[in-house]
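Chemist: Shown below is the structure under consideration.
None of the figures in this text is laboratory data; all of them are computed from the coordinates on show. All of these numbers come straight from a predicted model, not from anything done at the bench. Here the Cβ positions follow ideal geometry from the backbone for every residue, glycine too, while neighbour counts run over all protein chains shown.
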Amino acid sequence: MITIQSAESALKNIYLDAVINDINTKTNPFLTMVQKNAKTVSGKEARALIRYGNRDSVVAGTEGGELPLNLHASAAEIATPLKNLYGTFHISDKAIRASQNNPGAFATLLSNEMQNLVGTAQRNLNTMVYGNGIKFLGHTVSVDVGLNDIFLPERFMQNFHIGQRVRLFTSNNIVMFTGTVKEFHGTNAIEFVEQMPSMPIDRYFVYSASEDDNGTEFSGIDTIFRHDTMYNIPVAERNREIAPLIVLDEHTIINQVLNEDQIVRFLSLYEDHCQSMPADILLTHPIARRALFEGFKHMRFNSEPAMLQGGFKGFTFNGLPVYCDTQCRGGVMYALNSDGWNMHQLCDWTWLSGEEGGVLRQMDGKAGYSATLVKYADLLCEKPFIQGKAANFSAVNFM
């Protein structure tokens, strides 16, 4: 007979390992490539060193000459609070009782609920991968400063509510406006309380405005490309040997689409910047793939398909695997070296348990039970100087 105890046993002993594997290896290929590290966690923080400036520690010299001194070696310590990542599993009392005498039906019930949990976790985590620690809410289609409105695809409207504080970023992470949602117009327009300033472009990325600069989500890829601060390193201290490469489109953002020529130029600059530490993956939006394939047709060139870690499918460009993701910002391409990143975690995914080890708890005032999956971790880049980003290209067709 199926009981709450047997359901808890199944969650802990049968489903947990499968859930950990699916979330860690099948969410995003870049996240799958990143090493996981528990040794660098100190209390509630993840700490690491960005080492730089040791180019003269290995040199050629005479037999009786001075040994090389590592006088130019230095390091910048970075620290970030571990983020609280949660996932909630729900099951009704009615469902348990309906299948309590049928183990097969109960197993199917649990499997379906776990798949829903994993799918939700993967979608949310995949969004965080491309973020900067602040929750992404949507991208604008256009802006009308006169009406004090922004217009977004309808699918993003569910992420907003009256009184919500939000920020509008350019594709190069520059904050253009911070405002409070006043009301909604039609199905896709948002009006703000504060008057919007005159802005040069009409497509922006909308994020939640948090009092905490670190945000509540884990520090995604764009954290190292922020203009205000990179972890706890001020802009003034980010010298050539720390800062990543940022290549900006020099043309009008509305008209210029990231295409083959610009990607080749970007990769050439990236190789000059990073020297002997090449990228092992390129990340971009499907609009760039369409532009590339259009160019390939005119050149009669066929790109090779690539199978990435975690079973993800991509293609190769200049010998590098390319993965296209709708969660990646339109008009942006990242050239990343995964060896420079670590997922610093206090523990891997586990069930939040009570004093007696129970993981299922009755929901307040409801005939049902819930269990919470938890992980305390953050993504840190210890080698930002071997990472690159091309930005400010058009996002016209990525709605």
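Chemist: Can you work out the base-10 log of I(q)/I(0) for segment 105-217 at q = 0.10, 0.16, 0.19 1/Å, using the Debye formula on its C-alpha atoms alone?
Modeler: Values returned for q = 0.10, 0.16, 0.19 Å⁻¹ are -0.36, -0.75, -0.97.
Chemist: Let me ask something else. Given the DSSP H assignment, sum -39500 (n - 2.57) over each helix run of at least 4 residues in the chain and divide by its residue total; what's the result at 222 nm in deg cm²/dmol, nearest 500?
Modeler: Result for the chain: -6500 deg cm²/dmol, rounded to the nearest 500.
Chemist: Around Gly179, what is the net charge, scoring Lys/Arg as +1 and Asp/Glu as -1 over all other residues with Cβ under 13 Å from its Cβ? Intermediate results must be reported in sequence, preceding the final value.
Modeler: Values: positive: Arg165, Arg167, Lys182; negative: Asp149, Glu183, Glu191, Glu194.
Cβ neighbours under 13 Å give a net charge of -1.
Chemist: Can you give me the three principal axis dimensions of segment 82-165 from its C-alpha atoms, in Å, biggest first?
Modeler: 64, 30, 21
Chemist: Could you state the number of Å between the C-alpha centres of segment 101-166 and segment 264-286?
Modeler: Using only Cα atoms, the two centres lie 30 Å from each other.
Chemist: Still on this model: With a point put 7 Å past each Cα toward its Cβ, work out how far Thr178 is from Asn84 in nm, to one decimal.
Modeler: Between Thr178 and Asn84, the simple spin-label model gives 2.3 nm.
Chemist: If you don't mind, there's one more thing I want to ask. In what sequence do Tyr204, Tyr15 fall when counting other Cβ within 10 Å, fewest first?
Modeler: Tyr15, Tyr204
Chemist: If we sort 325-337, 173-185 on the protection proxy, mean other Cβ atoms within 10 Å, highest first, what's the order?
Modeler: Peptide ranking by packing, descending: 325-337, 173-185.
Chemist: Give me the percent relative contact order of the chain, please, defined on Cα pairs under 8 angstrom at least 6 residues apart.
Modeler: So the answer I get is 23 percent.
Chemist: Would you grab the residues whose amide H sits under 5 Å from the one on Asn37? Only those 5+ places off in sequence or on another chain, please, with H modelled 1.01 Å from N.
Modeler: Hits under the 5 Å cutoff: Met343, His344, Gln345.
Chemist: Would you mind classifying segment 318-399 by shape? Square roots of the alpha carbon gyration tensor eigenvalues, ordered a ≥ b ≥ c; an a/c under 1.5 is rounded, otherwise it is prolate if a/b is larger than b/c and oblate if not.
Modeler: In terms of gyration-tensor shape, oblate.
Chemist: Let me ask something additional. Suppose the Debye formula is applied to equal point scatterers at every Cα of segment 280-340; what is log10 I(q)/I(0) at q = 0.21, 0.22, 0.27 Å⁻¹?
Modeler: -0.85, -0.93, -1.27
Chemist: A further question on this structure: Which of the helices in the chain meet the span-like rule: DSSP H, Cα axial reach of 15 Å or more, Kyte-Doolittle mean at least 1.6?
Modeler: In the chain, no H run is both long and hydrophobic enough.
Chemist: With the calculation restricted to Cα positions, what are the radius of gyration and Dmax of the chain in angstrom?
Modeler: In Å, with Rg to one decimal and Dmax whole: 24.0, 86.
Chemist: Say the dipole of the chain comes from +1 at the beta carbon of Lys and Arg and -1 at that of Asp and Glu; which of Ala391, Tyr323, Gln115 then lies farthest toward its positive end?
Modeler: Value: Gln115.
Chemist: To continue, here is another question. Please identify every one of the GluC sites (Glu not before Pro) in segment 293-371 that sits in a loop by DSSP and has no more than 12 other beta carbons within 10 Å of its own beta carbon.
Modeler: Numbers: sites: Glu294, Glu355, Glu356; in loops: Glu355, Glu356.
Here the GluC sites (Glu not before Pro) that fit, given the DSSP loop and packing criteria, are Glu355, Glu356.
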